[in-house]
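Participant: I have a structure I would like to understand better, so I am pasting it below and will then ask my questions one at a time.
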Amino acid sequence: MIKCRLSRPRRRSLLARAGDLITAVNGTPTPDQGSLADVFAWLNPGQTVTVAVTSPDAVEQTVQVTLASTPAERTERRTGGNPMITTRAGGWSAVHRTGWAKSGPPPGRTAPPAPPAPPRWRKWLLVTGLLMTLALFLLPFGPTVQQVGYSQLKSDITAGQVSSVAIGPDGSISGKLTNGTSFTSSYPVGLQDPQFTQLLDQHNVQVTTQAAHTSILSVLLNLLPLAIIVGLFWWTGRAARRQLSALGGIAGIGRSRGKLFDNERPDTTFADVAGYEGAKREVTEVVDFLKHPDRYQQAGAVGPKGVLMVGPPGTGKTLLARAVAGEAGVPFISVTGSSFVEMFVGVGAARVRDLFADARRWAPSIVFIDEIDAIGQRRGGQLIANDERDQTLNQMLAELDGFDPATGVVLIAATNRPEVLDPALLRPGRFDRQVVIPLPTQRERRDILAVHIGGKVMGPDVDLDLVARATPGFSGADLANLINEAAIFAVRAGRQVIEAVDFAEARDRILLGHRDSSNALLPDEKHAVAVHESGHALAAALSEHGDPVAKVTILPAGQALGVTEQLPAEERHLQSEGYLKDSLAIRMGGRAAERLVLGEISTGASNDLAGATALATRMVREFGMSTTLGPVGFGSGNPMYLGGEEISHRPYAEATQRVIDQEVAKLLREAEQRAITALTDHRDELDRLTELLVERETVDGTDVDQILGRDAVSRGAVGAGMHLAAGR
């Protein structure tokens, strides 16, 4: 029995063949003996019937006919050489691209065995051929012949030792001596020595002629350059064919690399994207516009053509786009910006055209371009021009301008470098909306953690609110990695339940690096690190605007020999001048403690000095917190979301830079003096905290508050194991 799908006809209809009649439908004889077109007239979508057809030569064939549910499913499919049922606009018909189907193999027949692997000696063929070629060139073949020079030959003739010679047109000479030994020599054709002929006549040497000498070696040497050139062309052509086959052939070079999600869309929904209610609302309106365009048209509103999602890496821009694919009831085409870049000139623009042609063909649809900064960078002002990228960007701008709002095609793009995008790409009418997806707040981090702990067993001591508070600045990807690392630590401990200590260890692993137990400190180094970290902890606990101390440890991890962690009681969006100056004093606390207790400083404060200098520089140069320089601000030119210093020149004079350097040094000296004064006034507490650190190696913020005689609960301290501190 042959199962056939309905698709578009390509050749002559079965109705044109007289005598092809239906004798039975579902086993019931048909007295009218109609055609297949009569069956399609009463079939419902998705319904299957078994039809018995008789050909003019009295051959009976049973065909199972299924009417596809949707036009997208009515695609042509052939199995072997079997006939197929196809569709045609305006009615149904049957088309046979081949003759009547023959019975297939018996159902019990096993699949043919896989072809044997190539023999191992095949890979040595090339090496063997090269060795044989070298042997052909270098090793002598045939009988050994004595080589005689021209002068020696004349001497042998004069001495009567030569009996016969054969001279060739190219001056080659071969002959025999009187003792029967064969020899070869050469005659200087350009010299034309007449005495040589007279010498042969005088000594009665038999003279004959011979053909020009041509050996296999000379032929191979002459053909070797041609063989090398042909082999090079063959290898280059084969490499080009492999590359073109990977691109889908010549016709596939300019095709779009977009992945279409139509029938099988991602199962991600907006419920899987915790937080970001505003961003989800912006994208949800796009999806709603594609689903219900009439509601917007009645109000005179035009749907957005493009939505640009910007934010730091790992905040969920791609996840939000996948949620759009799961929520939207329209085709979703996903592509990355780097897929438009190819070694062939003009390929990027061709792929852009093909991408938007597909989007219009599947309209209403959504096109998502991830990392659009790969092709959308600002044109002009560059030392090295990139015409290919500019051509690709120009084509994208033209395609966005050609969007008809009625077609229902929306472009969604994501980037973490919006400052490098071309202004023409960001104007209204192309990207009408920019949706900022920042780092999650504490409440959003709590919601993200709640999503990612699904399917995992949490211990009773795990408080997601405390974990969210202990992870400021973490993105959604960082939080997912935190939970995964905590689960790994639980498995290492032989548990299936994730406890609070696992989250603490995972957080330290992410922020500080791997803790190697073999990296032990010497006793004097351990005491010096304890003094240093005690200075940080006390400076933080004694500052008016400083964040509460969460944990102090002298266990080496990564590049850090010790760490003092502070966690804010509440997330801040603005930082006052007092808070920044306290931060400078806290950074100088370790250096001040070393000078106060040990009498000298060490290299352990290098990271503190670098961070304090960078903060003081921003206070003077960007925040206007210098009375000498005044209320001026010079932007640093840093990337908006990626960090790092990118400026290559200063937008101010050398005299201004000198003032900035003086003000930065002044702030750092004042901060160090404040730290020294605070630690001097609490020298006993400093020594007690140092001894406690040497003994325990890790203490909580509650221990610091207890040494200072303070209430830990009132300051909102968090313990080392991510538990809320209780009063002692």
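The values are calculated or read from the model by the stated rules, or taken from the named source; none is laboratory data. What you see is a predicted model, and the numbers here were worked out from it, not measured in a lab. Heads up, the Cβs are rebuilt from the backbone with ideal geometry, glycines too, and the neighbour counts pull from every protein chain shown.
Participant: Using the structure shown, decide if Asp684 is at pLDDT below 90 and not in a loop (DSSP other than H, G, I, E, B).
Facilitator: no
Participant: A further question on this structure: Hey, among the residues in the range 451-473 that are within 28 Å of the chain's Cα centre (by Cα) and not in a loop (DSSP other than H, G, I, E, B), which one's farthest from Lys551 (Cα to Cα)?
Facilitator: Applying the first criterion (within 28 Å of the chain's Cα centre (by Cα)) to the range 451-473 yields 451-454, 471-473.
After this cut, where a residue has to be not in a loop (DSSP other than H, G, I, E, B) as well, the list is 451-452.
Values: Val451: 28, His452: 26 Å.
By that ranking, first place goes to Val451.
Participant: Okay, moving on. For Ala212, which of the numbered conditions (1) of a type outside the set (D, E, K, R); (2) surrounded by 10 or more Cβ atoms within 10 Å (Cβ to Cβ); (3) at pLDDT below 70 fails to hold?
Facilitator: Of (1) of a type outside the set (D, E, K, R); (2) surrounded by 10 or more Cβ atoms within 10 Å (Cβ to Cβ); (3) at pLDDT below 70, only one is false for Ala212: (2).
Participant: Okay, moving on. Answer yes if at least one residue in the range 125-143 is closer than 30 Å to Gln210 by Cβ, modelled with pLDDT of 80 or more and either assigned to a loop (DSSP other than H, G, I, E, B) or among the acidic types (Asp, Glu) (or both), and no otherwise.
Facilitator: no
Participant: Then there is this: Using beta carbons and a limit of 6 Å, which pairs, at least six apart or on different chains, have the first residue in the range 542-571 and outside the structural domain of Val501 (by TED's automatic domain parsing) and the second one among the polar types (S, T, N, Q)?
Facilitator: Final answer for the pair search is Asp547/Gln566; Val549/Gln566; Val552/Thr564; Thr553/Thr698; Pro556/Asn519; Val563/Thr553; Glu571/Gln442.
Participant: Being at pLDDT below 90, closer than 28 Å to Val704 by Cα and surrounded by fewer than 19 Cβ atoms within 10 Å (Cβ to Cβ), is that true of even one residue in the range 475-490?
Facilitator: Within the range 475-490, none of the residues are at pLDDT below 90, closer than 28 Å to Val704 by Cα and surrounded by fewer than 19 Cβ atoms within 10 Å (Cβ to Cβ).
Okay, residues lined up against (1) assigned by TED's automatic domain parsing to the domain that holds Ala413; (2) free of Cβ contacts under 8 Å to residues at least 24 places away in the same chain; (3) under 24 Å from the mean Cα position of the chain (by Cα):
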| residue | (1), (2), (3) |
| --- | --- |
| His292 | yes, yes, no |
| Arg295 | yes, yes, no |
| Val302 | yes, no, no |
| Gly314 | yes, no, yes |
| Arg322 | yes, no, yes |
| Val330 | yes, no, no |
| Ser338 | yes, no, yes |
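Table: residues versus (1) of a type outside the set (Lys, Arg); (2) touching a helix residue (DSSP H, G or I) at 6+ places or on another chain (Cβ under 6 Å); (3) at pLDDT 80 or above.
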site: Leu355; (1), (2), (3): yes, no, yes
site: Arg361; (1), (2), (3): no, no, yes
site: Ala374; (1), (2), (3): yes, yes, yes
site: Gly381; (1), (2), (3): yes, no, no
site: Asp387; (1), (2), (3): yes, no, no
site: Asn394; (1), (2), (3): yes, no, yes
site: Ala398; (1), (2), (3): yes, no, yes
site: Ala406; (1), (2), (3): yes, no, no
site: Asn416; (1), (2), (3): yes, no, yes
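Participant: Next question. How many residues are in contact with a Gly (Cβ under 9 Å, 6 or more places away or on another chain) and under 23 Å from Val549 (Cα atoms) when one looks only at the range 480-500?
Facilitator: Residues meeting the conditions: 2.
Participant: Of all residues in the range 319-338, which are in a helix (DSSP H, G or I) and not hydroxyl-bearing (Ser, Thr, Tyr)?
Facilitator: Once the filter is applied, which keeps residues that are in a helix (DSSP H, G or I) and not hydroxyl-bearing (Ser, Thr, Tyr), the range 319-338 yields Leu319, Leu320, Ala321, Arg322, Ala323, Val324, Ala325, Gly326, Glu327, Gly337.
Participant: To continue, here is another question. If I filter the range 421-444 down to residues being free of Cβ contacts under 8 Å to residues at least 60 places away in the same chain and assigned to a helix (DSSP H, G or I), which single residue comes out as surrounded by the most Cβ atoms within 10 Å (Cβ to Cβ)?
Facilitator: Leu425
Participant: So which of Ala655, Ala665 is aliphatic (A, V, I, L, M), modelled with pLDDT of 85 or more, outside the structural domain of Glu419 (by TED's automatic domain parsing) and more than 44 Å from the chain's Cα centre (by Cα)? First the steps, then the outcome.
Facilitator: Numbers: Ala665 fails: more than 44 Å from the chain's Cα centre (by Cα).
Testing whether each residue is aliphatic (A, V, I, L, M), modelled with pLDDT of 85 or more, outside the structural domain of Glu419 (by TED's automatic domain parsing) and more than 44 Å from the chain's Cα centre (by Cα) leaves just Ala655.
Participant: Yes or no: the range 474-497 includes at least one residue that is touching a Pro at 6+ places or on another chain (Cβ under 8 Å), in a loop (DSSP other than H, G, I, E, B) and over 30 Å from Val597 (Cβ atoms).
Facilitator: Yes, that holds for at least one residue.
Participant: Provide a single number: the residues in the range 671-686 that are among the charged types (D, E, K, R) and over 13 Å from Arg591 (Cα atoms). Spell out how you get there, then give the answer.
Facilitator: So the first thing to find is which residues in the range 671-686 are among the charged types (D, E, K, R), and the list is 672, 674, 681, 683-685.
After this cut, where a residue has to be over 13 Å from Arg591 (Cα atoms) as well, the list is 681, 683-685.
Summing the residues that are among the charged types (D, E, K, R) and over 13 Å from Arg591 (Cα atoms) in the range 671-686 gives 4.
Participant: Still on this structure: Can you name the condition, by its number, that Asn263 falls short on among (1) under 30 Å from His452 (Cα atoms); (2) among the polar types (S, T, N, Q); (3) at pLDDT 80 or above?
Facilitator: (3)
Participant: Now a separate question. Which one of these does Gly630 not meet: (1) farther than 30 Å from Ala414 by Cα; (2) at pLDDT below 90; (3) under 36 Å from the mean Cα position of the chain (by Cα)?
Facilitator: (3)
Participant: Hey, among the residues in the range 409-419 that are under 20 Å from the mean Cα position of the chain (by Cα) and of a type in the set (Val, Ile, Thr), which one's surrounded by the most Cβ atoms within 10 Å (Cβ to Cβ)?
Facilitator: Once the filter is applied, the top-ranked residue is Ile412.
Participant: All but one of (1) outside the structural domain of Arg683 (by TED's automatic domain parsing); (2) in a loop (DSSP other than H, G, I, E, B); (3) out of contact with any strand residue (DSSP E or B) (no Cβ under 8 Å at 6 or more places or on another chain) hold for Val501, so report the exception by its number.
Facilitator: (2) is the only condition that Val501 fails.
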